[in-house]
Amino acid sequence: GTVEIDATPAENDACMSAPAPTVSVNPAQGGQEPPIWEGDSTTIVSPPAAQPVPDVMEDLLAMVGLGESAGVGQDAEEFLHTPAPATAATSIPSPAPAPAPTPGSSATKPSGEQFMVWLKQGIASRRLIINDAKALVHTVNETAYLVSPGVFQRYAQEHPEVAALAKQENQQDWQWVQKRFEKLQLHRKQPNGLNIWTCEVTGPRKSRRLHGYLLEDGSLALAEIPPNNPYLALTQEG
């Protein structure tokens, strides 16, 4: 006899418990046709999205732009940290001009030569007037006439150190200056050997006399010798 086994319930249970088939692509065995469901899957599964092809030109431009921006930033940083060039006014201070010695200043030791410098500078700057009623210098005989003792007293007043020098020689300050001037031998002497010349001063009201020295060369005191003072006339009296 034969034994019949009813496998229907078992098969039904196997179908119910078997998991759903997964979609997979297996290489076909040699000589075997791929299942129909595998062929259908090629039409259902979409291919992966194509990756964008990198643009080489964009990358190059990006690199160039990055380099330029970095260079610009570096230049800006160097410009900020670069010290400003020093100007001539700050780096090289202009030397202060030395003050010019004023006529009559005590910077130079009093002497006969310094007296002549003071005299010429004083006339040029009009601190000493000439050919005036109270002038200490006149134009006589086409040269300079120095009124004594007035012109020497004026010099001594502007040079107080003369007093100490004169005291050492028991002289008045103006006499000390007068002696230093005479030693220069720049004045004209009278025929009788006297150093002092007398001038008669004539005026509308009264007349008087002046005593002084005539310079051998008027340009030693006067840059330009003006005409003679018409109110002064030399006399031969000592």
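Rule-based calculations on the coordinates, nothing more; no lab input. Computed from a predicted structure; not experimentally measured. A quick note on method: Cβ atoms are made from the backbone with ideal geometry, for glycine too, and the neighbour counts reach across all protein chains shown.
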### Task
Would you please give the residues with an amide H less than 5 Å from that of Arg188, counting only those at least 5 places away or on a separate chain, with H modeled from the backbone geometry?
Leu214, Leu215, Glu216
### Task
Report relative contact order for segment 112-235 in percent, whole number only (criteria: Cα-Cα under 8 Å, sequence separation at least 6).
32 percent
### Eligible lysines near Lys179 by straight Cα distance, threshold 30 Å, same-chain separation 8 or greater
Lys109, Lys120, Lys134, Lys167, Lys189
### Query
Using the count of nearby Cβ atoms within 10 Å as a rough guide to exposure, how do Ile123, Ile129 rank from fewest to most?
Ile129, Ile123
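Taking 0.36 nm per residue of sequence separation and subtracting the Cα-Cα distance, how much length would be gained by fully extending the chain between Asn228 and Lys179, in nm to one decimal?
On the way: separation 49, 0.36 × 49 = 17.64 nm, distance 2.68 nm.
Using 0.36 nm per residue and subtracting the Cα-Cα distance, I get 15.0 nm.
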